[in-house]
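Everything below concerns the one structure shown next.
The values are calculated or read from the model by the stated rules, or taken from the named source; none is laboratory data. Given the structure is predicted, the values throughout are model-derived calculations rather than measurements. FYI the Cβ positions are ideal-geometry reconstructions off the backbone, even for glycines, and counts take in every protein chain you see. Accessible surface is based on the protein model in full, side chains and every heavy atom, while ligands, DNA and RNA are left aside. Shrake-Rupley method; radii C 1.70, N 1.55, O 1.52, S 1.80 Å.
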Amino acid sequence: MEDALLLEMTRSSLTRGVTVAVDLSDARDRELVEAIARGEEEAFRGLFGRYAPTALALARRVVRQPFLAEEIVQEAFLAVWRNPAGFDRQRGSVKAWLMVMVHHRAVDAVRREESQRRRAEESQRSDPVVVLDHADQVAEAVGAPQEREAVRNALGGLPEQQRQVIELMYFDGLSQSKIAERLDLPLGTVKSRTLLGMRRLRSAMAGLER
Amino acid sequence: MRDHGRIEELIAVRALDGLDGEEAEVLAAEMASHGPSCEECRRLEVEYGEVAGRLAFALDPEPVPAGMEDLVVGLATGSAARLSAPAPGERRARGRGPGGVRLRPLVAVAASIVLFAGGLAIGAIATGGNENEIPSDARVVAFQAEPGAGTLSVAYTPGESGVYIVGADLPALPAGQVYEVWMIEGETPIPGPCLSPAADGSLVAFIDAELATTDVMAVTVEPETCSTAPTTTPVFVADLTTA
């Protein structure tokens, strides 16, 4: 069953020229999403068990409020339950789809807070900001599974300047203009560093299993 | 072959949710100019989306709090009342952060609301507790919409945090699309939650926000990943300054 699905997806990927690998893990995820579409609670629990811990880590990292992070993860999984057809198998892996949903909600929450806080903290906006290098924090985990190591290696393999903007954007939820402001860089420099970094990550992750 | 340099740059930033509002509009315009059948555009979106999703796995997984799985499953299946998770009141008190958005146990909230064709009536009907009821002195404003778009109303108490969005007869959206709520202050749209109506076209949601500075609320149809700025014309608009 999984092999047949794998073959089908591989063929589909090759046809589309999408340079991503497909593996049995994603085949399993896709089966879970299909089962969720049929209303199977156990499949929903299965997907939750597989990815809620990472989703929670991501949400907490971005919003830095544990209970808000839980709400974000809750909301993302409920979105999966309510609309499993939202997953388009032509557009990538289940795990990436899920994490993108979590990240988007987390960033929305951060920016909403920021917007509400803006008026009250207008005077503090020009204060110097200490930019933390989160690479060590991200990379210091012990005993990470193979995928985590591979992603960390990909991230750690970026030139420092590229990694910095990508981490500020992804893990801190800052927009490109905020990053430019924080690092006192031209916006164009932030854009080009982001693009170059993302290209490198894409290459480094192209061979990873889904 | 068309040049995709600009689009690639914007897609890469958008994948990380780093686009500002104006740039999101630029990307939407660029994508529109390439048309929906642009294979290269789609390939870039897929590949950078995959990279962004994978970056989450650089983080160590966090232990999921006891009861959270049961709570989420219970909310999904409508059996949350049977769960041993923290009580809704407790979660709300702990979880309420400025601007935080959450969907409440929808079944319980929906039970407290009755929709009529001509307007919105609110009352407690066998709810699990007062915490899920909309206050009787809430201000209710109906959204304006084109015929056939369904009905949508917002209920809130001026000066207090907490906004209910209630809809009926909402048409099902195409796969991959959701309704996104915007709270517009002057000319600045502040993104609210992304919502999907139930199979019967009904919708109930709670936004943990305060509308004192909101002039207009609007709802657009957006990709299910939600947008940081509206990318389509609003299908619902409510003017809170004149209501």
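Observations
- If you filter the range A:37-92 down to residues that are open to solvent by 40 Å² or more (accessible area, probe 1.4 Å) and under 11 Å from A:A106 (Cα atoms), you find that the one that is farthest from the other protein chains (Cβ to nearest Cβ) is A:R64.
- Strands (runs of 3 or more DSSP E) contained entirely in the range B:100-204, each with at least 1 residues that are modelled with pLDDT of 80 or more: B:139-142, B:151-156, B:163-168, B:177-185, B:188-195
- With respect to the stated conditions, A:F77 is assigned to a helix (DSSP H, G or I), under 17 Å from the mean Cα position of the chain (by Cα) and either closer than 19 Å to A:D172 by Cβ or touching a residue at least 12 places away in the same chain (Cβ under 8 Å) (or both).
- Of the residues making up the range A:136-167, those that are more than 8 Å from chain B (Cβ to nearest Cβ), out of contact with any Ser or Thr (no Cβ under 9 Å at 6 or more places or on another chain) and modelled with pLDDT of 90 or more are A:N153, A:G156, A:G157, A:L158, A:P159, A:E160, A:R163, A:Q164, A:E167.
- Number of the exception - A:L196 against (1) open to solvent by 30 Å² or more (accessible area, probe 1.4 Å); (2) assigned to a helix (DSSP H, G or I); (3) at pLDDT below 95; (4) more than 7 Å from chain B (Cβ to nearest Cβ): (3)
- If the condition is being away from chain A (no Cβ under 12 Å) and either touching a Ser or Thr at 6+ places or on another chain (Cβ under 7 Å) or not charged (D, E, K, R) (or both), then the range B:168-193 contributes B:A168, B:D169, B:L170, B:P171.
- The residues of the range B:144-194 that are surrounded by 18 or more Cβ atoms within 10 Å (Cβ to Cβ), of a type in the set (A, V, I, L, M) and in contact with a helix residue (DSSP H, G or I) (Cβ under 7 Å, 6 or more places away or on another chain) amount to a single one, B:I190.
- If you go through the range B:207-229 and keep only what is within 11 Å of chain A (Cβ to nearest Cβ), in a strand (DSSP E or B) and open to solvent by less than 10 Å² (accessible area, probe 1.4 Å), you end up with B:I207, B:E222.
- The range A:168-186, subset more than 9 Å from chain B (Cβ to nearest Cβ) and not in a loop (DSSP other than H, G, I, E, B), residue most open to solvent (accessible area, probe 1.4 Å): A:E181
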